[in-house]
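Right, one structure below, let's go through it.
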Amino acid sequence: MAPRLSLGTGPVVDNRPSCILPPLILHPFADAAGPNKLVESSRASLKLQGLLPAGESTPEDLDRTLLDGRYSELRMLFYVGKDLARWIEQCVEFVERERDHLEAGITRQSFATLLVQDAPASVQDKLRKWGVGDYRAIFTRALGLQCLFGNAPGREVLSDDFVRNYYRYADQMFALKQGEAEFTLIASRDFKFELYSSGEYSRMLERSWGE
């Protein structure tokens, strides 16, 4: 059952009917070892800054732990970015089919901005229930990493400096991509979508097939 875009019957804003976009489907954010690595990495960072006692750990030990956690973050965000990029591509394809009914200038950047700056309240609420605090930073960096890598990079091809500061590069890459060309801003009041985990969406499909 492919996701469909439809022109809804909601209130018209600027002569534009509300659109129901394909659902955003996210796969699990981390592998089994990921959460522990992230916690240890955060503690190592605090110890390196002198905010926690280092104990018997050497600076080299702490830096190695920090880098392990940062690399886990990078891989996690890369795969989140694949889900986001897939959703953006679906939205662009559907909007192309409805181009005559929509404002000009709606591009990939329009949907990236919608995700980061104006996700529907229901999507934000669901992310908070999943324990995602700063979803804007997560989505920004996830999409930035998609601009940098076609496939998840192995640790051996990344410098320690890049891994340590990957989030700065990802933020800058996202900003660079968004600034490539002018685009039309769109708002969640006009472009609505739902968020599902991959498991949740699979169960919905199974129920629909059963019916």
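The values are calculated or read from the model by the stated rules, or taken from the named source; none is laboratory data. Since this is a predicted model, take the numbers as computed values, not measurements. Because the Cβ atoms are built from the backbone with ideal geometry, glycine has one as well, and the counts that use them run over all protein chains shown. These area figures cover heavy atoms from the full protein model, side chains too; ligands, DNA and RNA do not enter into them. Shrake-Rupley method; radii C 1.70, N 1.55, O 1.52, S 1.80 Å.
Table: residues versus (1) out of contact with any strand residue (DSSP E or B) (no Cβ under 7 Å at 6 or more places or on another chain); (2) among the acidic types (Asp, Glu); (3) on the phi > 0 side of the Ramachandran plot.
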| position | (1), (2), (3) |
| --- | --- |
| 60 | yes, yes, no |
| 66 | yes, no, no |
| 69 | yes, no, no |
| 77 | yes, no, no |
| 101 | no, no, no |
| 105 | yes, no, yes |
| 116 | yes, no, no |
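Residue pairs whose Cβ atoms lie under 6 Å apart, separated by 6 or more positions or on different chains, with the first residue in the stretch 145-166 and charged (D, E, K, R) and the second not in a helix (DSSP H, G or I), do not occur.
Residue-by-condition table, conditions (1) among the charged types (D, E, K, R); (2) in a helix (DSSP H, G or I); (3) in contact (Cβ under 8 Å) with a residue 24 or more places away in the chain; (4) touching a Gly at 6+ places or on another chain (Cβ under 6 Å):
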site: 95; (1), (2), (3), (4): no, yes, yes, no
site: 100; (1), (2), (3), (4): yes, yes, no, no
site: 104; (1), (2), (3), (4): no, no, yes, no
site: 122; (1), (2), (3), (4): no, yes, yes, no
site: 127; (1), (2), (3), (4): no, yes, yes, no
site: 136; (1), (2), (3), (4): yes, yes, no, no
site: 139; (1), (2), (3), (4): no, yes, yes, no
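Assess whether residue 157 counts as being at pLDDT 95 or above and either under 19 Å from residue 72 (Cα atoms) or not hydrophobic (A, V, I, L, M, F, W, C) (or both). So residue 157 passes the test.
Listed residues 113, 107; which is more than 26 Å from residue 73 (Cβ to Cβ) and open to solvent by 20 Å² or more (accessible area, probe 1.4 Å)? Can you show your working first?
Details: 113 fails: more than 26 Å from residue 73 (Cβ to Cβ).
Of 113, 107, the one residue that is more than 26 Å from residue 73 (Cβ to Cβ) and open to solvent by 20 Å² or more (accessible area, probe 1.4 Å) is 107.
What residue, among those in the stretch 141-174 that are open to solvent by 50 Å² or more (accessible area, probe 1.4 Å) and assigned to a loop (DSSP other than H, G, I, E, B), is farthest from residue 89 (Cα to Cα)? By that ranking, first place goes to 159. Hey, residue 51 hits all of (1) more than 11 Å from the chain's Cα centre (by Cα); (2) modelled with pLDDT of 95 or more; (3) among the aliphatic types (A, V, I, L, M) but one; which does it fall short on? If we test residue 51 against (1) more than 11 Å from the chain's Cα centre (by Cα); (2) modelled with pLDDT of 95 or more; (3) among the aliphatic types (A, V, I, L, M), just (2) comes out false.
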